[in-house]
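This report refers to the structure that appears directly beneath it.
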Amino acid sequence: MQRSENRVALVTGASSGIGAAFVKALALRGYRVVLVGRERERLQRNADAAQHVGISHEVMEADLITRAGRDAVCARLEEGVDLLVNAAGLGLSGAFWTVPRTDLIGQLDVNVTAMMETTRAALGPMVDAGRGAIINVSSITGLVPGRGATYAASKAWAVFFTEGLAPALEGTGVQMQVLCPGFVRTEFHARAGIDLTSMSNRWWMEARDVAHRSLVDLDRGRTLSIPGLGYRILYGLLPKLPRHLGQKLNRTIGNSSVRS
Ligand SMILES: NC(=O)c1ccc[n+]([C@@H]2O[C@H](COP(=O)([O-])OP(=O)(O)OC[C@H]3O[C@@H](n4cnc5c(N)ncnc54)[C@H](OP(=O)(O)O)[C@@H]3O)[C@@H](O)[C@H]2O)c1
């Protein structure tokens, strides 16, 4: 495990799931973590639980759907951090045309706009310092179309955005990674109202294993991180199938007809 004394990481979505797992993993690596989310008490509990060897973490309440929330996080990033993890994100259930327009816009605000703005805010100081890294949490569904509409499209945006930026940063000392997990046991599906109780256990991963794999891949300089051997095999095989068959397979996994 690489230690990162005196380094600061900002994690969005730090209140639960994958973001919370990153907080724990980064604290163990010696980072001081800035935890971003909407519920101060929950963030503080996670910050306290991750406290090691006298490093105290910082809590920042911000709603990334709002302009003010994104501005506040960007202002903190412009002060300089060593690592940014964009883990905040949400899915929606219901057929696309039935979902309230404001919910769809809010989803894009968090999954796309916030990621774009925070990445931009973090990059300037990182490039000036000649070091730093950004992990953008996408999804396996960002690599294979066919599951949900706006959610899958927002996750594909995160893949293209991150992989598009990475070459522009070559030689600057700054690394980009897009993390594409499959199904992870978090609050994500319950919050979205997606019932996955019938999903086979074999597809599920734990958030701590996802965060661990991402950080190991970052150490190895990998721009694309896909946790779980089964998902890496699936990703390797899907492009070899005709596009419509790949989409059909992806639609079949995980109750996708009721997602947006
Ligand atoms: N779970 C999966 O199967 C899975 C698979 C692939 C990709 N992902 C991606 O992984 C990321 C993390 O999701 P998760 O699985 O860990 O789900 P989760 O447990 O529901 O966590 C989502 C996080 O996003 C934050 N968030 C949502 N809306 C926000 C807003 N308006 N402002 C600020 N923060 C907001 C939540 O913070 P609050 O406490 O403030 O609500 C929470 O910390 C997401 O980008 C998701 O798309 C998840």
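Among the residues that make up the range 11-18, is at least one of them modelled with pLDDT under 95, farther than 12 Å from His212 by Cα and either within 13 Å of the ligand (Cβ to nearest atom) or among the small types (Gly, Ala, Ser) (or both)?
No, every residue in the range 11-18 fails to be modelled with pLDDT under 95, farther than 12 Å from His212 by Cα and either within 13 Å of the ligand (Cβ to nearest atom) or among the small types (Gly, Ala, Ser) (or both).
Hey, could you check the range 196-214 for residues that are near the ligand (Cβ under 10 Å from one of its atoms) and of a type outside the set (A, V, I, L, M) and say which is surrounded by the fewest Cβ atoms within 10 Å (Cβ to Cβ)?
For the range 196-214, the residue satisfying everything is Trp204.
Looking at Val112 and the list (1) in contact (Cβ under 8 Å) with a residue 60 or more places away in the chain; (2) open to solvent by less than 50 Å² (accessible area, probe 1.4 Å); (3) within 16 Å of the ligand (Cβ to nearest atom), which single condition is not satisfied?
(1)
So is Thr197 out of contact with any Phe, Trp or Tyr (no Cβ under 6 Å at 6 or more places or on another chain), farther than 25 Å from Gln107 by Cβ and outside any helix (DSSP H, G or I) or not?
No.
Across the range 228-260, what is the number of residues that are modelled with pLDDT under 75 and aliphatic (A, V, I, L, M)?
Number satisfying all stated conditions: 3.
Being more than 12 Å from the ligand (Cβ to nearest atom) and part of a helix (DSSP H, G or I) is the filter here; which residues of the range 68-82 pass it?
Within the range 68-82, Asp71, Cys74, Ala75, Arg76, Leu77, Glu78 qualify.
Which of the residues spanning the range 11-35 are in contact with a helix residue (DSSP H, G or I) (Cβ under 6 Å, 6 or more places away or on another chain) and not in a loop (DSSP other than H, G, I, E, B)?
Of everything in the range 11-35, those that are in contact with a helix residue (DSSP H, G or I) (Cβ under 6 Å, 6 or more places away or on another chain) and not in a loop (DSSP other than H, G, I, E, B) turn out to be Val11, Gly17, Ile18, Ala20, Ala21, Phe22, Val23, Ala25, Val33, Leu35.
Collect the residues in the range 128-159 that are closer than 19 Å to Gly91 by Cβ and more than 14 Å from the ligand (Cβ to nearest atom), keeping them in residue-number order.
Hits for the range 128-159 are Pro145, Gly146, Ala149.
Looking at Thr141, Thr118, Thr98 in this structure, which one is open to solvent by 20 Å² or more (accessible area, probe 1.4 Å) and over 12 Å from the mean Cα position of the chain (by Cα)?
Answer to the selection: Thr98.
For the range 163-195, which positions are open to solvent by 20 Å² or more (accessible area, probe 1.4 Å), polar (S, T, N, Q) and within 16 Å of the ligand (Cβ to nearest atom)?
Hit for the range 163-195 is Thr186, nothing else.
The values are calculated or read from the model by the stated rules, or taken from the named source; none is laboratory data. Just so you know, these numbers come straight off a predicted model, no measurement behind them. Because the Cβ atoms are built from the backbone with ideal geometry, glycine has one as well, and the counts that use them run over all protein chains shown. The accessibility values were calculated without ligands, DNA or RNA, using every heavy atom of the protein model including side chains. Shrake-Rupley method; radii C 1.70, N 1.55, O 1.52, S 1.80 Å.
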